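Everything below concerns the one structure shown next.
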Amino acid sequence: MGQGTLTIYSASAGSGKTYKLTSIYLAHLFRSRYSYRKILAVTFTNKATAEMKSRILDHLHKLAVGENSDYLPGLVKSTGKTEEWIRNESKEILNSILHDSRGFQYLQSIVFSRRCFVLLPEEVGLHSGFSIELDHTTILSTAVDEMIASATVDTQLKNWLITYAKSNIEEEKSWNLKTL
């Protein structure tokens, strides 16, 4: 995962994705102690979010205090570092995260979306009077209305719409663009 990279992992229930995602996240932490500040992990449910955060912190703690962690062999392999280095580094990483909890971003997808919808418009200079429509039927209806309205000045579009309507009428299909 490089700078500016979006990585999406999708897998079915019971496929081991929590283990795999924790492994990937921990590997990034051990490559760069403060990488948690640059990683935004988004999960679908509050339960998954809590589980992931808990698992990461739990295994960092286990490593820091010398307990067994299922992730240790993979971390040794992926980082090329010794077990002793990983255990010492886990103390530093855990300490950093605990003192900078705002930088440790594991969010539920709805929370992430809400933040985007609240903060993004401000960033791009939209005024507070705008609205975001998430109902696809409303969006489609508005788009069709605008397309039909633009046909009054676009003869090619107007001719296509007439041809489309005639063809559908001949085939005894609906020619109403909004009901397709």
Item to check | Members of the range 24-37 that are free of Cβ contacts under 8 Å to residues at least 60 places away in the same chain, surrounded by 19 or more Cβ atoms within 10 Å (Cβ to Cβ) and more than 18 Å from the chain's Cα centre (by Cα) | outcome: Leu26
Checklist entry - Out of all the residues in the range 70-89, which are more than 16 Å from Lys20 (Cβ to Cβ) and either in contact with a strand residue (DSSP E or B) (Cβ under 9 Å, 6 or more places away or on another chain) or not in a loop (DSSP other than H, G, I, E, B) (or both)? => result Val76, Thr79, Glu83, Glu84, Trp85, Ile86, Arg87, Asn88, Glu89
Next on the checklist: For the list (1) open to solvent by 90 Å² or more (accessible area, probe 1.4 Å); (2) at pLDDT 85 or above, I need the number of the one condition that Arg114 fails.
Outcome noted: (2)
Item to check | Every pair of residues 6+ apart whose Cβ atoms lie under 7 Å, when the first sits in the range 38-66 and is within 21 Å of Lys91 (Cα to Cα) while the second is open to solvent by 60 Å² or more (accessible area, probe 1.4 Å) and part of a helix (DSSP H, G or I) | outcome: Ala64/Lys91
Item to check | Only one of Glu92, Glu67 that is at pLDDT 90 or above, open to solvent by 70 Å² or more (accessible area, probe 1.4 Å), in a helix (DSSP H, G or I) and acidic (Asp, Glu) | outcome: Glu92
Next on the checklist: If I ask for residues that are β-branched (Val, Ile, Thr) and either in a helix (DSSP H, G or I) or at pLDDT 90 or above (or both), which ones from the range 24-64 would you list?
Outcome noted: Ile24, Thr49, Ile56
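The values are calculated or read from the model by the stated rules, or taken from the named source; none is laboratory data. These numbers come from a predicted model, not from an experiment. Note: ideal-geometry Cβ built from the backbone for every residue, glycine included; neighbour counts use all protein chains shown. The accessibility values were calculated without ligands, DNA or RNA, using every heavy atom of the protein model including side chains. Shrake-Rupley method; radii C 1.70, N 1.55, O 1.52, S 1.80 Å.
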